[in-house]
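Asker: Next up is a structure, given as C-alpha cells.
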Amino acid sequence: MSKTKKSSMYPKKRFQFLPFVINLLIPLFFGVLGGMITINAVKTWYPGIQKPSFNPPNWLFGPVWSTLFIIIGISAYLVWVKRDQIIHFPRTVAVYFIQLILNLAWSFLFFYNHLIGAALIEIIALLVVILINGIMFYKIDKTAGLLFIPYFLWVSFATFLTYNIFILNQV
C-alpha cells in the first residue's frame, strides 16, 4: 500500500488552483463519458426493464453522480498535494484510475450492452477497488480517504440495485 515519507521535511503546500481544477475535471470527464453511454438507454431500454420498488427516480442519478465525481476530484487533489511525500505514488494513481475505469465500465456493460449479470459482477469489483482506493487515500490524507465514504455507500446501494434488477429480469 501507499506509505508516506516523513512529512516534517515537506512544508504544507498552498492551494493550487490549476491542479485543483484538473483533479476535479478528471472524474467529471469519466462521468460525462458514462453519461454519453447511458443517455439513450435511459430513454429506451431502461424504462422497459423490471426494477425494484426502491429504485430512485431517473432525475436523481445525474445530481448524485455529479456531486460524487466532484468529491472524488477533491479527494484526489488532497492526495496530489502530498505526492512528494508518497513512496508509491504511481501505484496510488493506478488504483485511482482503475476505479474510474471500472466505474465507466459498469455503464458500458449495464446500459450500453444490457448485460445486467456482467454489470453485477463488475460493480462488485468496482466496490472492492473503491474500498482499496479509499483506504490508500486515507493513509495519505485522512480527509481524502473519508471523502470516499459517500462514493462507497452510493456504489453499495447501486450494487444492491443492480442485483435486484438482475433477479427481476432473469429470463
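The values are calculated or read from the model by the stated rules, or taken from the named source; none is laboratory data. Since the structure is predicted, the reported quantities are computational estimates derived from the model, not experimental observations. Cβ atoms come from the backbone with ideal geometry, glycine included; neighbour counts cover every protein chain shown.
Asker: Can you find a residue that is more than 21 Å from Ile22 (Cβ to Cβ) and out of contact with any Pro (no Cβ under 6 Å at 6 or more places or on another chain) anywhere in the range 73-87?
Answerer: Of the residues in the range 73-87, the ones more than 21 Å from Ile22 (Cβ to Cβ) are 87.
Applying the additional criterion that residues be out of contact with any Pro (no Cβ under 6 Å at 6 or more places or on another chain) yields 87.
Yes, that holds for at least one residue.
Asker: Return the residues of the range 84-96 that are surrounded by 15 or more Cβ atoms within 10 Å (Cβ to Cβ) and either in a helix (DSSP H, G or I) or charged (D, E, K, R) (or both); say none if nothing qualifies.
Answerer: Gln85, Phe89, Thr92, Val93, Val95, Tyr96
Asker: Going by what's in this entry, would Ala144 be described as touching a Gly at 6+ places or on another chain (Cβ under 9 Å), on the phi < 0 side of the Ramachandran plot and of a type in the set (Gly, Ala, Ser)?
Answerer: Working: touching a Gly at 6+ places or on another chain (Cβ under 9 Å): yes; on the phi < 0 side of the Ramachandran plot: yes; of a type in the set (Gly, Ala, Ser): yes.
Criteria met by Ala144.
Asker: Follow-up. Residue by residue through the range 132-162, note down the ones that are of a type in the set (A, V, I, L, M) and either more than 20 Å from Thr67 (Cβ to Cβ) or modelled with pLDDT under 95 (or both). It would help to see each step written out before you state the result.
Answerer: In the first step, residues of the range 132-162 are kept if they are of a type in the set (A, V, I, L, M); the result is 132, 135-136, 140, 144, 146-147, 149, 153, 155, 158, 161.
Correct list: Ile132, Ile135, Met136, Ile140.
Asker: Can you tell me which residue in the range 113-128 is nearest to Ile39 (Cα to Cα), limited to those that are surrounded by fewer than 17 Cβ atoms within 10 Å (Cβ to Cβ) and touching a residue at least 40 places away in the same chain (Cβ under 8 Å)?
Answerer: Checking each candidate, the answer is His114.
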